[in-house]
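Asks: Just dropping this structure here.
The values are calculated or read from the model by the stated rules, or taken from the named source; none is laboratory data. No experiment lies behind these values; they were computed from the predicted model shown. Because the Cβ atoms are built from the backbone with ideal geometry, glycine has one as well, and the counts that use them run over all protein chains shown. With ligands, DNA and RNA removed, areas are computed over all heavy atoms of the protein, side chains included. Shrake-Rupley method; radii C 1.70, N 1.55, O 1.52, S 1.80 Å.
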Amino acid sequence: YNASNRLSKLNQSLILLTKIDNHQFGQKEKINFSKLVNKQVANYTELIDAKNLKLKSYIQEGVTLTINAALADILVSNLFTNAIKHNIVNGEIILELTATHFLISNTGKALQGNPSEFFQRFKKDNQTSESLGLGLSIVKRICDSEHIKISYTHSLQYHLIDLEFERAS
């Protein structure tokens, strides 16, 4: 059952990557990104609590982006999933959203590999982990397709992923 479930998730992720690469998502629309981030915070509250994580959020209200709504939802969801999954017990997640960028940072162990490779398919810090190694690849492809600059840094026990919007819309 676990192997079948893992293969199903792998297949869905690869199909999603292919659809993004082939520009098969519908029209872009103006969405309230602030509301989307707040909705995702509410969706992940139980997982955050289960790991006893402290959440700090600084979300500017009314931040809008012109983006495909489904891709925006996947983007934020994958970032939250990573921040929780790769965090430590009693750790912290910090969100900062302004008209020009979205920063999500979390405590965690320092990465062993080259950080620039983690945006590639099947690249992950721990090759034996249950992770498929596709989450950040999906995030990167969405950012590329939506003209959002993405960067990763690690500083003082924090992993920081910063999305820089081309321009506030």
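Asks: Just to verify a number: what accessible area does K56 come out at with the full protein assembly present, 1.4 Å probe, Å² rounded to tens?
Replies: K56 exposes around 70 Å² with every protein chain in place.
Asks: Once amide H atoms are placed 1.01 Å from N in the peptide plane, what residues at a sequence separation of 5 or more from K109, or on another chain, have their amide H within under 5 Å of its amide H?
Replies: Here the answer is none, since no amide H 5 or more places off falls under 5 Å of that of K109.
Asks: Heavy atoms only, 1.4 Å probe, whole protein assembly: order Y158, Y44 by accessible area, highest first.
Replies: Numbers: Y158 60, Y44 30 Å².
Order by accessible area, largest first: Y158, Y44.
Asks: Then there's this: Would you list D162, D144, D49 from the most to the least accessible area, probe 1.4 Å?
Replies: Values: D162 45, D144 75, D49 100 Å².
These residues rank, largest area first, as D49, D144, D162.
Asks: Output ³J(HN,Hα) for segment 80-93: one whole-Hz value per residue in order, computed from phi by the Karplus curve 6.51 cos²θ - 1.76 cosθ + 1.60 with θ = phi - 60°, and x for Gly and Pro.
Replies: Listing the rounded values in order: 5, 4, 4, 5, 7, 4, 9, 8, 10, 4, 6, x, 9, 10 Hz.
Asks: Just to verify a number: FRET efficiency for K30 and A110, C-beta to C-beta distance, R0 = 30 Å, to 0.05? Display every interim value, and only then the final one.
Replies: Details: r = 39 Å, r/R0 = 1.29.
So the FRET efficiency works out to roughly 0.20.
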